[in-house]
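Worksheet: one structure, shown below.
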Amino acid sequence: MLRINLLPTKASKKQANAKNELYMVVASFLVLIIVLYGAYWYQGREVDTLEGRIATATAEVAALKKDVVRVEEFKKKAATLEQKLQVIDKLKKQKVGPAHMLDDLATILTDEPKVWLTRIAEVNGAMTLEGEAMEHSNISDFQLALQRRSKFFREVKLELVETKTRDGVSLLAWRITCQADYAAG
């Protein structure tokens, strides 16, 4: 004979298993949401930390750019001051340079008594010395003395030698051109 079970045991077991499975899915879903929220929160903190570091680095870069600008301005000012100091030094040398040059020329003329000057002209550092002498050797000695003994005269060249007669005395008129270096003293 067949037995029919009219008690709802299998159906209730199925329903209980389905409820348990539903609870497991919901619990798994909640755990997944909590884990994802934790990961999101952790990544958010990392992003905030990195953004803070980026902001700090940006501020440092801006400050360093200002420092670089100040350093460049300082370098320009220093270069300008250095040029001004060089100009002042050059002007000081040029201020006392002509006096030293004329003193040097007077010393050379004193050592060569048979040579005398009649005219000195200077234009932009190019000097023309004109004078008279008794003999050719006197002019040559004077020219050599300018070249070798004086540091103020460069490129000394004898341009002209003419014979003149003054008061019945035969003289040699000469002209020497050179470059004056006032800063040499």
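Any read-out appearing in this document is the output of simple, stated calculations on the displayed coordinates, not a laboratory observation. This structure is a prediction, so every number in the text was calculated from the model and none was measured. Methodologically, a virtual Cβ is constructed for each residue, glycine included, from the backbone with ideal geometry; neighbour enumeration extends over all protein chains shown.
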Would you work out which of Leu158, Leu109, Leu64 lies farthest towards the positive end of the dipole of the chain, given +1 charges on the beta-carbon of Lys and Arg and -1 on that of Asp and Glu, about the Cα centre?
Leu64
Nearest 10 degrees, 0 to 90: what angle lies between the long axis of helix 9-111 and the longest principal axis of the chain (Cα atoms)?
10
What is the sum of charges, Lys and Arg at +1 and Asp and Glu at -1, for the other residues whose Cβ falls under 13 Å from the Cβ of Thr118?
+1
Can you check what the net charge comes to around Leu64, using other residues whose Cβ is under 14 Å from the Cβ of Leu64 (Lys, Arg +1; Asp, Glu -1)?
0
Would you calculate, for the chain, the mean residue ellipticity at 222 nm contributed by helices, counting each DSSP H stretch of 4 or more residues as -39,500 (n - 2.57) and dividing by all residues, to the nearest 500?
-24000 deg cm²/dmol
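How much net charge surrounds Ala79 when only the other residues with a Cβ under 14 Å from the Cβ of Ala79 are counted, with Lys and Arg +1 and Asp and Glu -1?
Its environment carries a net charge of +1.
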Rounded, prolate or oblate (a/c below 1.5 giving rounded, otherwise prolate when a/b exceeds b/c) for the chain by Cα gyration tensor
prolate
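Averaging sequence separations of C-alpha pairs under 8 Å and six or more residues apart, then dividing by the length of the chain, give the relative contact order as a whole percent.
Working: 169 pairs, mean separation 31.6, N = 185.
Relative contact order here is 17 percent.
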Provide the descending list of Cα extents for the stretch 74-181 along its principal axes, expressed in whole angstroms.
71, 23, 21
Put +1 on the Cβ of each Lys and Arg and -1 on the Cβ of each Asp and Glu in the chain; which of Tyr42, Ala27, His100 then has its Cα farthest toward the positive end of the dipole?
Ala27
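About the Cα centre, and with charges only on the beta carbon of Lys, Arg (+1) and Asp, Glu (-1), how big is the dipole of the chain? Nearest 20 debye, please. Present the calculation step by step, with values, prior to reporting the outcome.
On the way: 28 positive and 24 negative charges, 456 e Å.
Computed charge dipole of the chain: roughly 2180 debye.
Treating only the Cβ atoms of Lys and Arg (+1) and Asp and Glu (-1) as charged, compute the dipole magnitude of the stretch 97-184 about its Cα centre; round to the nearest 20 debye.
Numbers: 10 positive and 14 negative charges, 23 e Å.
Dipole size: approximately 100 debye.
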Say we join alpha carbon atoms closer than 10 Å with springs in a Gaussian network model of the chain; which of Ala145, Ala59, Ala126 then has the biggest fluctuation?
Ala59
What relative contact order, as a whole-number percentage, does the stretch 97-184 give when Cα pairs under 8 Å and 6 or more residues apart are counted?
32
